[in-house]
Amino acid sequence: MIREYVTPAGKVFGVSWTGPTIPDLSQLLGSYNAEYQNTLRAKPGRRRVAVVHNPDLVVENGGHMRAFHGRAYLESMLPAGVPPETVK
Amino acid sequence: MRWAFGRCGLAATAVLLMGLAACGGDGSSSAPIESTTPPVVNNVQPVVVDYGPTVNGQQVGYNDALYTTVTICMPGTSTCQSIDHVLVDTGSTGLRIVSSLVTLGLPFTTDASNNPIGNCIQYVDSTYQWGPIVKADVQMAGELASSVPIQIVGASNFAAAPAACSAGGTPAETVTDLGAKGILGVGNYRQDCGPACASASPPAIYFTCPTAGCTPTEVAVSAQLQNPVWLFPQDNNGLSIVLPQIGATGAVSVSGNMIFGIGTQSDNALGTAQAQALDDYGYFTTTYNGVAYTQSFIDSGSNGLFFLDSPTTGLPDCASNSIAQGFYCPTSPVNFSAITSGPNPNGAGAKVSVNVAFSIANALTLLSSPATAFNNVGGDMPGAFDWGLPFFFGRSVFIGIEGQYTGTAVGPYWAF
């Protein structure tokens with residue numbers, strides 16, 4: 001299941017996902033996927049979590065085989081008064 | 001769920017571009033009726049945490065990676081090969097071996113139309129492994145699982161990864177990519193996917209691969225990747241991983257054991273370990289600071305204790321672009337206490353809770369040292385707990401396999 005979070009002006013400022021497989025993040029993140037992937041490349045080791053907290057882009061992808069979940073949002077596009085925890 | 005501005009009902013295949021327009025679019029090991037006694041076989045398989053496999057003179061492992069040596073054979077024969085430095089992973093299911101290491105001509109498995117079957121596993125860090133399913137006998141210690149479906153990772157004599165597997169990801173299909181020669185998935189499940197992949201609308205995990213190209217297909221549960229432990233003739237209800245405790249500055253190598261079966265021999269009783277059942281997704285609950293985090297799991301294939309985030313724990317994240325990015329870097333070690341819990345797997349359903357004390361030290365300091373095994377490296381996993389390999393030191397951790405009984409307790413459960 002994929003959810004998107006939208007500003008009153010109709011822009012997506014966040015997405016979240018749960019399911020048995022990981023969604024295609026190149027589609028979900030659009031032009032931000034390259035920044036996400038490049039940040040992950042710098043990390044050593046094998047993990048069941050991928051967390052990118054850049055100045056604007058936040059991506060959190062977790063879970064394990066059969067059960068994945070994650071979210072992404074842009075700090076700069078969060079509507080006034082909407083905390084990041086809204087994207088869940 | 002809280003919704004700021006409503007939602008769009010979108011299928012998983014919908015294209016969403018962030019920042020652009022929205023919505024465009026068996027159970028009787030101790031039963032008295034047992035008339036025959038299972039043979040006592042060697043059920044103790046050595047495991048090690050070390051610098052990993054060697055490629056071109058360089059050791060390519062990473063911190064807190066647990067390895068073992070697996071022997072695979074042509075089915076029904078004594079034509080075998082042993083492969084060292086296979087990652088022991090309780091967070092996945094099935095044996096996967098990097099293709100360049102496989103010298104045996106293991107037979108492809110095929111569907112009803114005689115087309116070979118491919119398997120895709122995706123990881124949260126956007127890496128994936130793709131390759132054909134073949135059958136092999138799998139030997140560890142004195143145990144033998146016959147004709148087990150396993151994956152050959154990155155096989156050159158097989159179709160390329162279909163877009164549904166590779167899109168948005170990066171292949172991790174070499175020994176250097178993996179820091180291992182393969183992955184031994186010995187988690188709480190019998191198969192990597194289960195009934196979902198045997199249904200009429202399966203996820204993009206199994207593919208049928210005629211020459212025209214690979215497309216997702218349903219695969220019978222018995223033909224999916226299998227946890228080899230549950231296919232052993234005995235000692236097949238689960239396993240335990242037993243590692244010694246190590247010091248706060250880590251160790252350059254650690255030797256321990258993976259013991260097959262739970263309560264089946266004199267060396268694998270649960271003893272005082274507290275068994276906690278898992279939910280349908282393999283999760284249990286970890287309570288920290290009065291808050292219950294229901295998406296918690298135990299995973300020897302995670303190379304740290306990944307839990308919550310910096311604001312919640314008060315632990316500073318390590319500097320970006322340091323070798324410790326993604327880990328926590330407190331100036332001095334910080335002690336934590338949490339409670340794991342789940343229903344008693346004996347069916348009575350009473351809640352079982354266990355306190356866990358742990359410490360988190362500066363990962364940049366630790367990872368810059370000569371040591372490679374640490375019980376006190378941690379990092380972010382917002383809203384959840386991933387009890388990775390550091391948790392296993394100084395404990396016997398039991399993995400009860402789904403549908404398999406330990407006395408009256410039925411898996412999936414874990415215990416420590």
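Readers should treat all values here as calculations from the given coordinates under stated rules, not as data from a laboratory. Since we're looking at a predicted model, the values are computed, not measured. Methodologically, a virtual Cβ is constructed for each residue, glycine included, from the backbone with ideal geometry; neighbour enumeration extends over all protein chains shown.
Observations on the model:
- Sequence-distant contacts, meaning Cα pairs under 8 Å at least 6 residues apart, place the relative contact order of the stretch B:267-415 at 32 percent.
- Packing-based exposure ordering (other Cβ within 10 Å, fewest first) of B:Leu270, B:Leu239: B:Leu270, B:Leu239
- Taking other C-beta atoms within 10 Å as the exposure proxy, B:Asp235, B:Asp280 rank B:Asp280, B:Asp235 from fewest upward.
- Sorting B:Asp267, A:Asp24, B:Asp137 by the number of Cβ atoms found within 10 Å of their own Cβ, with the fewest placed first, yields B:Asp267, A:Asp24, B:Asp137.
- Computed per residue of chain A from DSSP H runs no shorter than four, each worth -39500 (n - 2.57), the mean residue ellipticity at 222 nm is -4000 deg cm²/dmol.
- For chain A, relative contact order (Cα pairs under 8 Å, six or more residues apart, normalised by length) works out to 31 percent.
- Taking every DSSP helix (H) stretch of at least 4 residues in chain B, weighting each as -39,500 (n - 2.57) and dividing the sum by the residue count yields a mean residue ellipticity at 222 nm of -500 deg cm²/dmol.
- The modelled label-to-label distance for the pair B:Ser253/B:Ser147, using points 7 Å beyond Cα in the direction of Cβ, is 3.9 nm.
- Diffusion of the stretch B:97-158 by Stokes-Einstein, at 4 °C in a medium of 1.567 mPa s and with Rh set to the Kirkwood radius over alpha-carbon pairs, works out to 102 µm²/s.
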